[in-house]
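For reference, the structure discussed in these notes is given below.
The values are calculated or read from the model by the stated rules, or taken from the named source; none is laboratory data. Every value quoted in this text rests on a predicted model; they were computed, and no experiment measured them. Positions of Cβ are generated from backbone atoms using ideal geometry, with glycine treated the same way; all protein chains shown enter the neighbour counts. Ligands, DNA and RNA are excluded from the accessible area calculation, which covers all protein heavy atoms including side chains. Shrake-Rupley method; radii C 1.70, N 1.55, O 1.52, S 1.80 Å.
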Amino acid sequence: MLKIGLTGGIGSGKSEVSKRLSAKGAMVIDADKIAREVVEPGTPGLARVVATFGEEVLRADGSLDRERLGSVVFADSERLAALNAIVHPLVGERVAELQQEAADDTIMVYDVPLLVENNLAPMYDVIIVVDAPDDLRIRRLAEHRGMPEADAKARIAAQASREDRLAAADIVIPNDGRLEELDERVEEVWPELLRRAARG
């Protein structure tokens, strides 16, 4: 099994790359998606988040108000660390389950936004970094997610620097052009991943 850590700063287009790798036959494990699952209504994860941050992080229907929680934790590193201490172990358990269920020859892509920040590179055989300049990422966050510029800048500032992320990369996929260019880059990278998987 080839374990690939796929990362990139917010707004870099990491999910576009993971979609393309999945279409090629990779098994994609999306840490963000799992992080949402482990705090769904009725889970022990959500109960612990509410115990730590209070009822005000819940919506009227009892689900987690991720935007409200985000505005609390991204402005305060201690509160962010408290949230991570709840969510990360639960995500780790779920990822381990999925890994055990996969075939031995699987190309496993872990979509991990905070791979560099949490020093997770040693867990993977290959690190792929999706890269785009900060100003482009801020523009994408405004256009695609309706995020105010100040919030976008705060999220980017809370993550690893572009330089630190690139320093951790085995493979860099630039994503500062059209989606057709991204398609071409993934086409180039996929045979390399197959070769590495075959080498075992």
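Looking at region 10-98, what % of the alpha carbon pairs are farther apart than 20 Å?
Considering region 10-98, 43 percent of its Cα-Cα pairs are separated by more than 20 Å.
Got a sec? Charge dipole of region 1-64, +1 on Cβ for Lys and Arg, -1 for Asp and Glu; which of I34, F53, G13 is way out at the positive end?
Sorting the options by dipole projection puts first G13.
Quick check on the chain: helices-only [θ] at 222 nm, where DSSP H runs of length 4 and up contribute -39,500 (n - 2.57) each and the sum goes over total residues. Nearest 500, please.
-17000 deg cm²/dmol
What list of ³J(HN,Hα) values in whole Hz, one per residue of region 3-11 in order, does the Karplus curve 6.51 cos²θ - 1.76 cosθ + 1.60 (θ = phi - 60°) give from phi, with Gly and Pro shown as x?
Those phi angles translate into 9, 10, x, 9, 9, x, x, 4, x Hz.
What lysines sit close enough to K153 to cross-link, taking a C-alpha to C-alpha distance under 22 Å and skipping anything fewer than 8 places away on the same chain?
By straight Cα distance, K153 reaches K14.
With all protein chains present, calculate the accessible area of M27 using a 1.4 Å probe and round the result to the nearest 10 Å².
60
Among the helices of the chain (complete DSSP H runs), which have Cα atoms covering no less than 27 Å along the helix axis and a Kyte-Doolittle mean of at least -0.5?
Qualifying helices: 77-101.
Given R₀ = 30 Å, FRET efficiency for K3-A60 by Cβ-Cβ distance, to 0.05? Present the calculation step by step, with values, prior to reporting the outcome.
Numbers: r = 40 Å, r/R0 = 1.35.
Approximately 0.15, to the nearest 0.05.
Which shape class, rounded, prolate or oblate, goes with region 113-200 when its Cα gyration tensor gives a ≥ b ≥ c as root eigenvalues, a/c under 1.5 marks rounded, and past that a/b bigger than b/c marks prolate? List each step's numbers first, then the result.
Details: a/c = 3.01, a/b = 1.49, b/c = 2.03.
Oblate shape, in that a/c is at least 1.5 and b/c is the bigger or equal ratio.
Mind jotting down the distance between the C-alpha centroids of region 94-145 and region 10-62, whole Å?
13
Over all directions, the average projected area of the alpha-carbon convex hull for the chain comes to how many nm²?
Averaging across all directions leaves 11.5 nm² for the Cα convex hull.
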